[in-house]
Each structure stands twice: as structure tokens, then as C-alpha cells.
Amino acid sequence: PSRGLGDVYKRQKGKLGCILLAITLTLIGTWNYVGARDDNVEYAFKLQANYKNSYTDIRYRQTKKADNPWKVNMTYSAEGKGTKAVYWLNVPGLFCTSERVSNTHTVKQGSGPHYYKAWKGAAQQYVSMGAENNNNTSKTYNVSGYWDEETW
């Protein structure tokens, strides 16, 4: 049977509606990333044994300025109250490679938020926060807290 021009229009209109809906949902989903601010992004992972590295999920650092600080606040460590871990900012690469884009900083559990400068290589990049235990041990420990890739 022959289809009229109206049937073709209705099919295309439905596809267009789906495309517009997908675009709208994408824009709404990225709304939180429009402006930089001091956020408290939760993190939780295991500090691995023997100085092996652990990483947060990635976030986009939109700033061009290295002096826009990143933040870490280690609120819990299964190793004990007041224990320490080493943190840094990292740019994940392909094939399991990565590049450190800040100095490393030793942070004491329960000491509140700490703000640190990043290097130029962190500008307008997807970054994660890396961490390792501050001493060589054969044990792993759960740690958690808050971080932010840029704070203003």
C-alpha cells in the first residue's frame, strides 16, 4: 500500500521529538557543570597496600588557572583516627597511563578541607584525585571524604 505524505511527516516528527528530548535531557544533566564552585564530591576507595595508587572518578576541571585550587577532605580512615594518606591531582590517560598534575600532599584524617594549587597541565582537563597510603604496609584500608577538582 502507498503511504501518504502525512504518514511520512508523522514518522519524522516522532524521530525529531526523540532527538529533541535526548538533547534536552543531556543539557539538564550537565547543568551542574556550568559554573565552578566549591563542591563536596564524595569519594570512597581502598588505600591499597605497598604504595599502590587509588583514584576517584573523573571530573572536568574547566578552569585555565593553575591557582584555582582543588580540594581534599579525608573524613574517614579505617586505619584509625588521625591517620594520614597522600593525595594529588591526576589526568588519566589512555592504556592505563596517567599524569600527575599537582604536587603530592599528606592529609590527616579529620583535619578538615585542604586546598592546593594544580599545575598548568590540569587546565581544562578531565582529572581524578589520586591517593596512596603514607607508609609502606601490606594492608589495605577504606578511606572516604570529599574532594573537588576546582573551587572557584
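The values are calculated or read from the model by the stated rules, or taken from the named source; none is laboratory data. The structure presented is a predicted model; accordingly, all values stated were derived computationally and were not measured. Heads up, the Cβs are rebuilt from the backbone with ideal geometry, glycines too, and the neighbour counts pull from every protein chain shown. We work out accessible area using only protein heavy atoms, side chains counted, and drop any ligands, DNA or RNA first. Shrake-Rupley method; radii C 1.70, N 1.55, O 1.52, S 1.80 Å.
In region 106-117, how many are assigned to a strand (DSSP E or B) and crowded, with 16+ Cβ neighbours inside 10 Å?
The qualifying residues number 3.
If the Cβ limit is 8 Å and pairs must be 6+ apart or interchain, which residue in region 92-114 that is over 17 Å from Thr56 (Cβ atoms) pairs with which residue that is modelled with pLDDT of 95 or more and exposed (fewer than 14 other Cβ atoms within 10 Å of the Cβ)?
Going by the 8 Å Cβ cut-off, the qualifying pairs are Lys108/Gly82; Gly110/Lys81; Gly110/Gly82.
Any chance region 108-125 includes a residue that's under 18 Å from Lys52 (Cβ atoms) and either among the basic types (Lys, Arg) or more than 14 Å from the chain's Cα centre (by Cα) (or both)?
Within region 108-125, none of the residues are under 18 Å from Lys52 (Cβ atoms) and either among the basic types (Lys, Arg) or more than 14 Å from the chain's Cα centre (by Cα) (or both).
Take region 77-91 and flag every residue that is touching a helix residue (DSSP H, G or I) at 6+ places or on another chain (Cβ under 7 Å) and free of Cβ contacts under 8 Å to residues at least 40 places away in the same chain.
Listed by number, the list holds a single entry, Val91.
Tell me, yes or no, whether region 129-148 has at least one residue that is crowded, with 20+ Cβ neighbours inside 10 Å, within 21 Å of Asp39 (Cβ to Cβ) and among the charged types (D, E, K, R).
Looking for residues that are crowded, with 20+ Cβ neighbours inside 10 Å, within 21 Å of Asp39 (Cβ to Cβ) and among the charged types (D, E, K, R), one finds at least one in region 129-148, hence yes.
Do we have Glu150 as part of a strand (DSSP E or B) and among the charged types (D, E, K, R) here?
Considered against the rule, which asks whether it is part of a strand (DSSP E or B) and among the charged types (D, E, K, R), Glu150 comes out as no.
Just name the residue that is farthest from Tyr146 (Cα to Cα) out of those in region 65-85 that are open to solvent by 20 Å² or more (accessible area, probe 1.4 Å) and part of a strand (DSSP E or B).
Result: Lys84.
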